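**Student:** Let me give you the structure first, and then I'll get to my questions.
Computed from the coordinates by the stated procedures, all read-outs in this text should not be read as laboratory data. What you see is a predicted model; the values in this text were computed from it and never measured. Backbone-built Cβ (ideal geometry, glycine too); neighbour counts: all protein chains shown.
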Protein chains: 2
Amino acid sequence: MSVLQNAADVLRCFGNDCPDLTVSDVVRLLGMPKANASRLLKAMREANMLETIGDSHRHRPGRLMLDLAAAYRRSSMLIGRASEVVAEASSSFGHTGYISVRDGKEVTAVADFQGTNALRVVSNIGRRLPAHLSATGRSLLARLGEDEVHALYAGHGALADLTDQLSKVRHQGFAYSSQEATPGVDAIAIAVADPRTDEAVSLCIVYPHALVDDKGRDEMIAALARGAARIAEDLGDSAFVAPRI
Amino acid sequence: MSVLQNAADVLRCFGNDCPDLTVSDVVRLLGMPKANASRLLKAMREANMLETIGDSHRHRPGRLMLDLAAAYRRSSMLIGRASEVVAEASSSFGHTGYISVRDGKEVTAVADFQGTNALRVVSNIGRRLPAHLSATGRSLLARLGEDEVHALYAGHGALADLTDQLSKVRHQGFAYSSQEATPGVDAIAIAVADPRTDEAVSLCIVYPHALVDDKGRDEMIAALARGAARIAEDLGDSAFVAPRI
DNA sequence: AACCGCAGTTCCATTTTATGGAACGACTCG
DNA sequence: CGAGTCGTTCCATAAAATGGAACTGCGGTT
């Protein structure tokens with residue numbers, strides 16, 4: 001096992017609800033001899049992949065890591081375009097918006113735009129959600145073929161339900177969820193892809209259920225749809241389905 | 001030289017205006033044999049530190065890196081508190097806000113809040129700026145002692161100027177710049193620290209020069225100052241100087 | 001104080017990886 | 001086609017990572 005893999009495993013530990021790591025945390029989580037863990041963290045510190053918090057033995061991701069999320073966003077034309085659309089929609093409706101990507105059966109937000117309304121959904125970038133349990137995830141899954149979804153969710157209890165939901169998403173051109181992941185919160189999501197790079201992102205607006213009626217929802221769908229359609233046209237995303245409300 | 005160092009060097013290449021890297025880019029930038037570069041990028045790909053863009057040979061930071069900036073923010077109480085203050089100020093005044101940290105003679109934004117005004121400064125998170133040439137940087141440098149600043153900027157042409165500016169910042173309790181880094185853009189910044197962890201952050205608002213008069217500026221300083229003072233009190237930052245306008 | 005347990009670091013012989021020069025395959029362009 | 005660029009693979013050598021054990025430093029107990 002190369003050091004790089006071990007270093008990556010350490011970084012992965014930060015993913016969930018683990019804001020910092022000590023040598024013994026790493027020993028426990030990765031089952032590695034503590035001599036190794038100690039040297040690994042030291043090497044990662046020296047490479048600026050980690051830094052200690054204060055003068056304690058707790059580690060968090062280092063400065064080097066801080067810039068990389070930004071570099072990721074800059075590297076993708078698609079994310080840049082999508083961000084413009086969602087930023088515009090977010091500030092005009094006052095609700096919080098996201099750009100997300102799918103990674104297997106999970107989705108992660110890569111960019112977020114805080115809403116301006118007093119009552120708004122607080123965004124938490126970098127948290128992974130199950131793709132089949134969120135509008136944004138389903139908008140991305142709907143871009144796969146039936147067979148790909150079957151392969152991905154083989155043996156998964158939610159497959160039958162999911163298949164139905166996805167065909168609805170494919171027909172409508174957008175995904176919608178009402179109080180699904182979070183009580184009181186609704187979400188709309190539209191996916192668009194760059195055929196050149198084969199990457200797909202989801203444009204998503206989340207809002208308090210109580211604040212938006214069907215008409216308001218349709219306006220937001222229309223706004224996202226206009227932006228997404230423009231992106232799809234410019235990048236040549238032939239699989240894009242213009243949302244029908 | 002360990003792989004980890006080399007991997008870190010590769011990641012550092014993404015810092016500035018380099019959204020993606022190929023094997024030969026790495027050879028050129030780091031002066032490494034191309035056999036090495038090829039294997040290194042491959043290993044980093046397998047560790048999810050990098051991913052290829054589409055099916056080309058260009059690489060960008062991988063999914064693993066995407067979550068780490070968020071983990072960094074979560075690991076710091078200080079950044080969380082500062083974000084609340086700047087988010088509130090940003091949305092109430094409509095201007096763009098930042099949270100920044102200093103790293104030697106540079107500052108980096110760790111969080112940003114897009115303004116809502118039609119004319120606003122677009123935020124670019126993850127870009128490093130020289131600390132002595134920005135309000136946010138000077139607000140952080142002002143927290144150092146004279147001797148530390150001298151040591152840091154020994155032999156630097158701007159030291160004399162900087163010393164003057166910093167004593168002004170220390171006296172005022174905030175840093176201000178008018179059209180310094182970007183024409184037409186002014187900035188105000190206030191630094192606050194967590195004595196427990198020895199980390200300091202700068203709360204910063206940037207705005208179009210033409211849009212804000214002295215009165216408006218003072219209102220924003222007051223808003224930031226209130227939030228920063230609260231944080232300083234809660235965390236026990238005894239070096240904090242309440243801004244006097 | 002002396003003792004203990006715990007977290008982290010250092011030591012060292014052994015095993016595993018990384019290194020870099022060169023040869024090789026894939027592709028583009030004139 | 002032939003030259004040029006780019007990336008990958010091969011191989012002997014050099015440089016690492018490894019893990020068990022010994023060691024250090026720091027509270028908290030008797």
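**Student:** Counting pairs of alpha carbon atoms under 8 Å apart in space and at least six apart in sequence, what relative contact order in percent does the stretch A:189-245 give?
**Tutor:** The value is 43 percent.
**Student:** Okay, moving on. Calculated FRET efficiency, B:Ser238 and B:Thr22, Cβ-Cβ r, R0 56 Å, to nearest 0.05? Kindly include the intermediate steps, with their values, before the conclusion.
**Tutor:** Numbers: r = 51 Å, r/R0 = 0.91.
Efficiency, from the Cβ-Cβ distance: 0.65.
**Student:** Roughly how crowded by other chains is peptide A:1-8, in terms of the mean Cβ count from those chains within 10 Å of each of its Cβ atoms? Write out the running numbers ahead of the final one.
**Tutor:** Values: counts 0, 5, 6, 11, 5, 2, 7, 10.
Mean shielding by partner chains, rounded to a whole number: 6.
**Student:** Over all residues in B:57-65, what is the mean tally of Cβ atoms on other chains that come within 10 Å of each residue's Cβ?
**Tutor:** Per residue, the number of nearby Cβ atoms from other chains is 6 on average.
**Student:** Quick one: grab the alpha carbon gyration tensor of the stretch B:127-245, order the square roots of its eigenvalues as a ≥ b ≥ c, and give me rounded if a/c is under 1.5, else prolate or oblate depending on whether a/b is larger than b/c.
**Tutor:** oblate
**Student:** Let me ask another. Would you kindly derive the ³J(HN,Hα) couplings of the stretch B:140-148 from the backbone phi angles with the Karplus curve 6.51 cos²θ - 1.76 cosθ + 1.60 (θ = phi - 60°), listing them in order in whole Hz, with x for Gly and Pro?
**Tutor:** 7, 5, 5, 7, 7, x, 3, 5, 5
**Student:** Same structure, new question: Sequence-distant or interchain residues sharing an amide H contact under 5 Å with A:Thr22, placed H: which?
**Tutor:** So A:Thr22 has HN proximity to A:His59.
**Student:** Remind me, relative contact order of chain B in percent, using alpha carbon pairs under 8 angstrom and six or more residues apart?
**Tutor:** After rounding, I find 16 percent.
**Student:** While we're here: Rounded to the nearest Å, what's the spacing between the alpha carbon centres of the stretch A:119-198 and the stretch B:56-129? Just the number, please.
**Tutor:** 28 Å
**Student:** Related question: Measuring from a point 7 Å out along Cα→Cβ, what nm distances, shortest first, does A:Glu88 have to its partners in the other copies?
**Tutor:** Inter-copy label distances (nm, one decimal, shortest first): 3.3.
**Student:** Residue by residue through the stretch B:45-54, what is 3J(HN,Hα) from phi via Karplus (6.51 cos²θ - 1.76 cosθ + 1.60, θ = phi - 60°)? Round to whole Hz and write x for glycine and proline.
**Tutor:** Coupling constants for the stretch B:45-54: 4, 5, 8, 6, 7, 10, 9, 7, 8, x Hz.
**Student:** Moving on. Under 5 Å between amide H atoms, partner at least 5 residues away or on a different chain: which partners does A:Asp186 have, H built in plane at 1.01 Å?
**Tutor:** Excluding prolines and chain starts, which carry no amide H, the hits are A:Gln179, A:Tyr207, A:His209.
**Student:** How far, in nm to one decimal, is A:Ser56 from itself in the other copies if the label point is set 7 angstrom along Cα toward Cβ? Shortest first, please.
**Tutor:** Label-point separations across copies, in nm and ascending: 4.3.
**Student:** Something else: So who's got an amide H within less than 5 Å of the one on B:Leu50, skipping anything under 5 residues away but keeping other chains? H placed 1.01 Å off N, in plane.
**Tutor:** So B:Leu50 has HN proximity to B:Arg45, B:Gly62.
**Student:** Measure off 7 Å from each Cα along the Cα-to-Cβ vector at A:Arg127 and B:Arg127, then give the distance between these two points in nanometres to one decimal.
**Tutor:** Inter-label distance under the simple model: 3.1 nm.
**Student:** Something else about it: Quick one: what does P(r) look like for chain A with 10 Å bins over all Cα pairs, in whole %?
**Tutor:** Over chain A, the share of Cα pairs per 10 Å bin runs 7, 28, 29, 22, 12, 2, 0 percent.
**Student:** Taking only Cα atoms, what is the 0 to 90° angle, nearest 10, from helix B:214-235's long axis to the longest principal axis of chain B?
**Tutor:** Between the helix axis and the principal axis of chain B, the angle is about 70 degrees.
**Student:** Here's something else I'd like to know. Per residue of the stretch B:197-205, what does 6.51 cos²θ - 1.76 cosθ + 1.60 with θ = phi - 60° give for ³J(HN,Hα)? Whole Hz please, x for Gly and Pro, Karplus curve as stated.
**Tutor:** Ordered by residue, 3J(HN,Hα) equals 10, 6, 9, 10, 10, 10, 9, 9, 10 Hz.
**Student:** Sort the following peptides by mean Cβ neighbour count (other Cβ atoms within 10 Å, averaged over residues), highest first: A:151-160, B:77-86.
**Tutor:** B:77-86, A:151-160
**Student:** Let me ask something else about it. Compute the Cα gyration tensor for the protein assembly as shown, then decide on rounded, prolate or oblate, letting a ≥ b ≥ c be the square roots of its eigenvalues: rounded whenever a/c is under 1.5, prolate when a/b is larger than b/c in the other cases, and oblate in all that remain. Walk me through the numbers on the way to the answer.
**Tutor:** Values: a/c = 1.80, a/b = 1.24, b/c = 1.45.
Taking the square roots of the gyration eigenvalues as a ≥ b ≥ c, the protein assembly as shown is oblate.
**Student:** Further question: Between helix B:159-172 and chain B, what is the angle of the helix's C-alpha long axis to the longest principal axis, kept within 0 to 90° and rounded to the nearest 10?
**Tutor:** Helix B:159-172 sits at roughly 50 degrees to that axis.
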